[in-house]
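For reference, the structure discussed in these notes is given below.
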């Protein structure tokens, strides 16, 4: 899905689907810690992998250690490399 843009609604759906933690865009708007949402390290790895696959980007090392949604969005928007 190369035309998919990363916004809080999309990120919330990925968190819910890949980490098994029901959430919403409004819950992510407060920029909570992923741990407070109930997302563990394995869940975050699943989120990162899904974002890479769906957005057709490669995220830099450390993206799977993002602590907050804003940090993960920063990795995608400012530090990812588009796959050809």
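Here, each number is a calculation from the coordinates, and none is a lab measurement. Everything quoted here is computed from the prediction, not taken from an experiment. Using ideal geometry, Cβ is built from the backbone for each residue, glycine included, and neighbour counts are taken over all protein chains shown.
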Quiz item: Among the residues of the range 44-70, how many are in contact (Cβ under 8 Å) with a residue 40 or more places away in the chain and more than 9 Å from the chain's Cα centre (by Cα)?
Solution: 3
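From the list 48, 21, 39, exactly one residue is assigned to a loop (DSSP other than H, G, I, E, B) and surrounded by 18 or more Cβ atoms within 10 Å (Cβ to Cβ). Which is it? Before you say what the answer is, go through the steps one by one.
On the way: 48 fails: assigned to a loop (DSSP other than H, G, I, E, B); 21 fails: surrounded by 18 or more Cβ atoms within 10 Å (Cβ to Cβ).
Step by step, each of 48, 21, 39 is checked, and only 39 is assigned to a loop (DSSP other than H, G, I, E, B) and surrounded by 18 or more Cβ atoms within 10 Å (Cβ to Cβ).
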Exercise. Give the range 54-84 a look and list any residue that's part of a strand (DSSP E or B) and surrounded by 11 or more Cβ atoms within 10 Å (Cβ to Cβ), or say none.
Key: 57, 58
